[in-house]
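Presented below is the structure to which this report refers.
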Amino acid sequence: MSQAHATNPVHSSVTTNDRLALTLFLAVAVHALIILGISFNADKATPDYSPPTLDITLVQHKSPEKPVQADYLAQEHQQGGGTTTEHVREKNDKSGDSKLPGRQQAAPPPSSASKTRSGRTEVLARKKSGLAITTQVEQKKTAKKIDIDELMQRSRVIARLEAQQAAQRQAYAKRPDPKYLYASAQKSVDAAYIRDWTQKVERIGNLNYPEKARKKRLTGNLMIEVNLNPNGKLSSIRLLKSSGKKVLDDAAIRIVRLAAPFAAVPAAVLEGRNELRIVRTWVFTNKNRLFSK
């Protein structure tokens with residue numbers, strides 16, 4: 001019996017690894033086709049290249065004509081707006097290039113806390129301004145009041161001075177207009193009156209000689225001014241020159257007062273005056289006598 005070799009049929013089975021490898025191959029192939037299917041020029045690629053864009057901006061002025069080629073989108077037409085001849089494209093602040101030539105970086109909007117502080121500062125500034133205005137008004141009112149008070153006070157002082165001057169003028173107008181008689185009278189009528197007047201004072205003086213001066217034998221000369229009214233009554237008397245001894249000065253004044261009243265002054269002596277003024281020197285001698293010279 002011949003031995004027959006039985007051949008088992010070979011079954012080719014696809015494993016999981018084979019499927020994974022095939023899938024990866026297909027994915028790589030598809031991506032390669034996609035990548036190789038896109039054509040581009042590597043020479044034109046630059047690091048700063050960016051696709052053409054059209055910015056949107058707000059214009060401040062309106063042009064009647066529509067620009068042929070616009071660089072920006074805006075709410076109105078405008079020809080050649082801006083302050084520079086070059087086309088400047090504003091970049092995003094987050095790109096790191098926020099400092100562009102000819103532009104200022106916009107300040108961030110104020111927060112609510114900043115607005116509150118700003119509002120309070122403005123209110124305080126207005127209050128201070130109002131207070132300053134009120135203070136200035138009060139100062140002006142005070143200065144005006146002081147000026148008025150000062151003017152009133154000056155007016156009162158001026159009125160008082162004017163009243164005093166008026167009284168002085170009135171008193172000066174009413175003052176006596178005396179005629180003076182001295183020992184060296186020349187006119188006969190004047191000499192007669194002064195002689196009689198002097199004799200009367202000497203007689204009264206010797207009759208009432210001061211006892212203290214008599215005991216101490218005091219001597220001395222003094223000058224007295226006597227003012228007489230037209231009727232001969234004594235108007236006033238004052239000491240012009242002292243003897244140096246109060247006893248003799250007081251005695252001379254007392255003697256003249258005792259001798260008054262005197263004879264009426266003649267009109268020829270007064271010569272239209274309203275008072276007669278007699279100035280005489282009186283001597284107290286060591287013999288206890290009084291006489292005039």
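The values are calculated or read from the model by the stated rules, or taken from the named source; none is laboratory data. For clarity, every value in this text was computed on a predicted model and none was experimentally measured. Cβ: placed from backbone, ideal geometry, glycine included. Neighbour counts: every protein chain shown.
Points to keep in mind about this one:
- Selection within region 240-270 - among the hydrophobic types (A, V, I, L, M, F, W, C) and more than 26 Å from Lys187 (Cα to Cα): Val247, Leu248, Ala251, Ala252, Ile253, Ile255, Leu258
- Among the residues of region 143-190, the one identified as exposed (fewer than 10 other Cβ atoms within 10 Å of the Cβ) and either under 26 Å from the mean Cα position of the chain (by Cα) or at pLDDT 80 or above (or both) is Ser188.
- If you go through region 272-284 and pick out every residue that is of a type outside the set (A, V, I, L, M) and either under 12 Å from Asn231 (Cβ atoms) or surrounded by fewer than 13 Cβ atoms within 10 Å (Cβ to Cβ) (or both), you end up with 3.
- Residue pairs meeting the criteria (Cβ under 8 Å; at least 6 apart or on separate chains; first over 13 Å from Ala252 (Cα atoms), in region 196-223; second loosely packed, with under 15 Cβ neighbours inside 10 Å and modelled with pLDDT of 95 or more): Asp196/Ala263; Trp197/Ala263
- Candidate set: region 255-270, residues that are loosely packed, with under 13 Cβ neighbours inside 10 Å and out of contact with any helix residue (DSSP H, G or I) (no Cβ under 6 Å at 6 or more places or on another chain); chosen: the one farthest from Asn229 (Cα to Cα): Arg257
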